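Okay, so here's the structure we're looking at.
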Amino acid sequence: MSLAENSSRNAGATGRIGSYLAAHLREYGLLFALIAIMGFFQIVTGGTLLRPINLTNLLLQNSYIIIMALGMLVVIVAGHIDLSVGSVMGFIGALAAVMIVNHELPIGVTMLTCVAVGAVIGGAQGYWIAYWKIPSFIVTLAGMLVFRGLSLWLLEGQSVGPFPREFQVIATGFVPDILPGGEAFKALLGVRNFNVLAFATGLVAASWVVWSGLRQRAQNRAYGIEDEPRAFFMARIAVIAIALVFILYKLATFRGLPNVLLTMGVLTIIYAFITERTVLGRRIYALGGNEKAAKLSGIKTERLTFLAFVNMGILAAVAGLVFAARLNTATPKAGFALELDVIAAVFIGGASMSGGVGKIVGAVVGAFLMGVLNNGMSIMGIGIDYQQMIKGLVLLAAVIFDVYNKKKG
Amino acid sequence: MQDALLDMRSITKTFPGVKALDDVSLKVRTGEIHAICGENGAGKSTLMKVLSGVYPAGSYDGEIHYDGALAQFRDISDSEARGIIIIHQELALVPLLSIAENLFLGNENARGGVIDWRETNRRTESLLRKVGLRDAPTTLVEKLGVGKQQLVEIAKALAKDVRLLILDEPTAALSESDSQALLDLMLELKTQGMTQIIISHKLNEVRRIADTVTVIRDGQSVSSFAASDGITEDRIVRDMVGRSMENRYPPRTRRIGDLLMRVRDWSVTHPDHADRKAIRDVEFDVRAGEVVGIAGLMGSGRTELAMSIFGRSWGRNITGTVEMHGKPVDVSDVGRAIRAGLAYVTEDRKSLGLILDDTITRNITLANLAEVARGPVLNDRAETQVAERYRKDLSIRTPGVFQKVVNLSGGNQQKVVLSKWLFVGPEVLILDEPTRGIDVGAKYEIYGLINDLAAAGKGVVMISSEMPELLGMCDRIYVMNEGTLVGEMPTSEASQERIMSLIVNE
């Protein structure tokens, strides 16, 4: 082969990678930004960020935001918004506190009631939005005020707590290590704690990522639509797999798998599956993409919108329980302005304001990105004033980046 | 011989991977009406974007000579300042502002930022007279029909001292009478010395008003001839598609079977005006293997009739029955209408038919997801196979079924909408303006498809504003006017004149 031929082939390959990167800048950008921000804080906090105890904290702190972001993504993809989730979350926490602490009702009954009340709240708002076509912004703005007021009324302006131990564990507990071999690992690695289950979970999750990635790639190739360069694919999968093993290893050397991480992980997988692989999910994207066309295709758009809000209410209730259990008390201010963090996470994750676009994984990564920013800046002792400004600018930058990308493409 | 007002020489415009224009030349003489014809995607819009500065000087090769000098437009305002004004197919008026406010939008009669309303209204009135409108300057644009809005657009161009007026498919959304009024206005403006370019698919219009025709095909200017050479539709079509089209409607062997669908006593109230019956006592039927046309002017209630039948998608207080095979069926929502064996292909494919940002595959399967799913879980492979099948069957021209439909031409988008409805396996298809805004070649393919459907024993209801199309395709034609059917005739006894007289005599 002549030299000229060889170099022209290389030029072709570079062009292909360039154009692929340009088309998928958003997804890589988000992953890259998360890694870069984590790296930055890891260095400037002198390694505090990724200490097992801080990592555990980081997950607990952001669990309720991530849980709500799952529902918010669905709502935003459907072409709506929910401003009430912070208030609803606070209200459910208050309800749980009143039921458990003041009236000493069983925890199981309380949790089921709370989730049911969340569903009813979501339905009550969704009803006006779906069947009366009242803008979701208005309805949920009203809901935000109403449920903030209801929390105050329910708690009579007081903080109510503490919760019994059995309730607290849903947020602060850890999954017991059911696998053998902990002692051997401790001796081998020279660490004080080692939770085999947590580490095994990391390995399983990482293998699953690799396996499903390869499977998807093979399938796409069969359809002739695979355009991700091999190196990119390998790097992406490797980064995700290594990160999973690394994080779970760190958790294993502390207290193991937090209960909320399990809840979050399971919910994320369920919602990612529903949105990407099921008829229901496809219909939600169609509804957000073009409501009229969806309706004329036989999709019951009203009912779908209604259900999106019911779902949001349920997830806000779950988040409310986790939040109350974590703080071990319900306060009238719980969840204040939290809806903004949730919405920001979804938009940073790549969802579009006009509906029809966005992914569960994006929303989760977006929430983590915000969480790492919060956590990192707090460790550095940056004041809340600067924190707010920086978070605001990050949100703006992410959306500008989206719009710029879309214009260019 | 008059001088050329515009001379575009050897324009070549390349996008990454595509040569959109390849050595295109266009010479427009002062005071003439110049028609540009070409299939969708031939490069007409790109050429106009080069001319108007949407693609600024330097981003293309070749030269634009305008008014005797080399012109290098940086943007639209640059070309507008020189009197080149384009009126796009999608009108750019603000519905909730008045005619006067729209006419001078961005160009207000103001002193120090304060609008002089008397001057504005006076000038508006004189401009409206020029385009033959008698509405008050304070009328809100949303109160006007599409035809009048088009005239307001022209008045707006006149307000800006236009020298070269470019109309992109001006009559695509207009009724027959509005189209005539618009073409008359163009001829009137010509007598006043205005130079005009018209882009149109409607060849009878082109033949009627154009002095010169330039045909563009695949990004190249194929031919340019003057009216004195005898512009014939056949000549234009031949140049546009690169082949002669002796018969514009493919032949079909008619085999009409049993009664398939019958609609009785169908009445619908207007959704916004409770006292207005939009559809009154409509009765019609379709037999297996039959293509039934519904003729009528725009606004006669054809779309409203179809949509009210298809799952009550329009109107309220709907009464009447729909029978399939002689038995009444429930069509009270779209899902039920589909299950009853109906499909409705909308006239407005962009806002009602497609999810533009979604892929071809996802659009095709949307109305019948159950077919490509196992229980609630979608089967990617099955979905792709379905899309590939329709891509082949309907020859949807695309690099792949994972392309977004927004990137397709009008004709190919329409094929995607048709695929979607074929995939639900209907017995009766209601096609609402199935060939609107698509080029001759794609039209022919869609006619062929309609024939195939009829041959397969389906019933087809075809709503169209183009009477030649109905006469060429249908077995039987209903005539609709003001919400009711005013006539029915076998096509063998129908003519444009007969249909028109039914409409005007009502």
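The values are calculated or read from the model by the stated rules, or taken from the named source; none is laboratory data. Note that the coordinates shown come from a computational prediction; the quantities given were computed from them, not determined experimentally. Note that we place each Cβ from the backbone using ideal geometry, even for glycine, and neighbour counts take in every protein chain shown.
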Query raised in the report: Can you name every residue in segment B:454-503 that is without any contact (Cβ under 8 Å) to a residue 24 or more places away in the chain and among the charged types (D, E, K, R)?
Result: B:493, B:497, B:498
Query raised in the report: If we keep just the residues of segment A:254-289 that are within 24 Å of residue A:322 (Cα to Cα) and outside any helix (DSSP H, G or I), which is nearest to the other protein chains (Cβ to nearest Cβ)?
Result: A:257
Query - Filter result for residue A:352 (in contact with a Lys or Arg (Cβ under 9 Å, 6 or more places away or on another chain), surrounded by fewer than 24 Cβ atoms within 10 Å (Cβ to Cβ) and within 14 Å of chain B (Cβ to nearest Cβ)) - result: yes
**Report entry** Selection status of residue B:430, in contact with a strand residue (DSSP E or B) (Cβ under 9 Å, 6 or more places away or on another chain), more than 18 Å from residue B:176 (Cα to Cα) and outside any strand (DSSP E or B)
**Finding:** no
Requested in this report: Would you tally the residues in segment B:300-332 being within 18 Å of residue B:353 (Cβ to Cβ), in contact with a Ser or Thr (Cβ under 7 Å, 6 or more places away or on another chain) and aliphatic (A, V, I, L, M)?
Outcome: 1
Requested in this report: Check whether at least one residue in segment A:175-183 is surrounded by 14 or more Cβ atoms within 10 Å (Cβ to Cβ) and under 30 Å from residue A:95 (Cβ atoms), and report yes or no.
Outcome: yes
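Could you please let me know if residue B:422 is surrounded by 20 or more Cβ atoms within 10 Å (Cβ to Cβ) and within 20 Å of residue B:302 (Cβ to Cβ)?
On the way: surrounded by 20 or more Cβ atoms within 10 Å (Cβ to Cβ): yes; within 20 Å of residue B:302 (Cβ to Cβ): no.
Answer is no for this residue.
Based on this model, can you work out whether residue A:324 counts as out of contact with any Pro (no Cβ under 7 Å at 6 or more places or on another chain), within 14 Å of chain B (Cβ to nearest Cβ) and surrounded by 24 or more Cβ atoms within 10 Å (Cβ to Cβ)? Give the steps one after another, and end with the answer.
Numbers: out of contact with any Pro (no Cβ under 7 Å at 6 or more places or on another chain): yes; within 14 Å of chain B (Cβ to nearest Cβ): no; surrounded by 24 or more Cβ atoms within 10 Å (Cβ to Cβ): yes.
Judged against the criteria, residue A:324 is not a match.
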Requested in this report: Could you identify the single residue in A:170, A:178 that is of a type in the set (A, V, I, L, M, F, W, C) and in contact (Cβ under 8 Å) with a residue 40 or more places away in the chain?
Outcome: A:170
Report summary line: The correct count of residues that are at pLDDT 90 or above, surrounded by 19 or more Cβ atoms within 10 Å (Cβ to Cβ) and more than 17 Å from residue B:164 (Cβ to Cβ) in segment B:180-212 is 1
Query raised in the report: Are any of the residues in segment A:326-334 over 30 Å from residue A:208 (Cβ atoms) and charged (D, E, K, R)?
Result: yes
Query raised in the report: Quick one: is residue A:108 in a helix (DSSP H, G or I) and not hydroxyl-bearing (Ser, Thr, Tyr)?
Result: yes
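Considering each residue of segment B:88-107, count those that are modelled with pLDDT of 85 or more and surrounded by 14 or more Cβ atoms within 10 Å (Cβ to Cβ), and give that number.
Total meeting the criteria: 10.
Is it the case that residue B:368 is of a type outside the set (Val, Ile, Thr) and within 10 Å of chain A (Cβ to nearest Cβ)?
Numbers: of a type outside the set (Val, Ile, Thr): yes; within 10 Å of chain A (Cβ to nearest Cβ): yes.
Yes; evaluated as a whole, the condition is true for this residue.
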Query raised in the report: In the list B:403, B:413, B:385, which residue meets the criterion of being within 14 Å of another protein chain (Cβ to nearest Cβ) and within 25 Å of residue B:248 (Cβ to Cβ)?
Result: B:413
Report summary line: Among helices (runs of 4 or more DSSP H) entirely within segment A:296-409, at least 1 residues that are charged (D, E, K, R) occur in A:301-327, A:338-348, A:384-408
Query raised in the report: Hey, any hits in segment A:166-184 for a residue that's touching a Ser or Thr at 6+ places or on another chain (Cβ under 8 Å) and not in a helix (DSSP H, G or I)?
Result: no
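Conditions tested, residue by residue: (1) of a type in the set (A, V, I, L, M, F, W, C); (2) at pLDDT below 95; (3) loosely packed, with under 15 Cβ neighbours inside 10 Å.
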position: A:109; (1), (2), (3): yes, no, yes
position: A:127; (1), (2), (3): no, no, no
position: A:136; (1), (2), (3): no, no, no
position: A:146; (1), (2), (3): yes, no, no
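Among A:238, A:200, which is the only one that is under 30 Å from residue A:18 (Cβ atoms), out of contact with any helix residue (DSSP H, G or I) (no Cβ under 8 Å at 6 or more places or on another chain) and surrounded by 13 or more Cβ atoms within 10 Å (Cβ to Cβ)? Let's see the steps before the verdict.
On the way: A:200 fails: under 30 Å from residue A:18 (Cβ atoms).
After ruling out the rest, the residue left standing is A:238.
For segment B:326-340, what are the residues that are within 11 Å of chain A (Cβ to nearest Cβ) and touching a residue at least 60 places away in the same chain (Cβ under 8 Å)? Reasoning before the result, please.
Residues of segment B:326-340 within 11 Å of chain A (Cβ to nearest Cβ): B:333-339.
Across segment B:326-340, the qualifying residue is only B:338.
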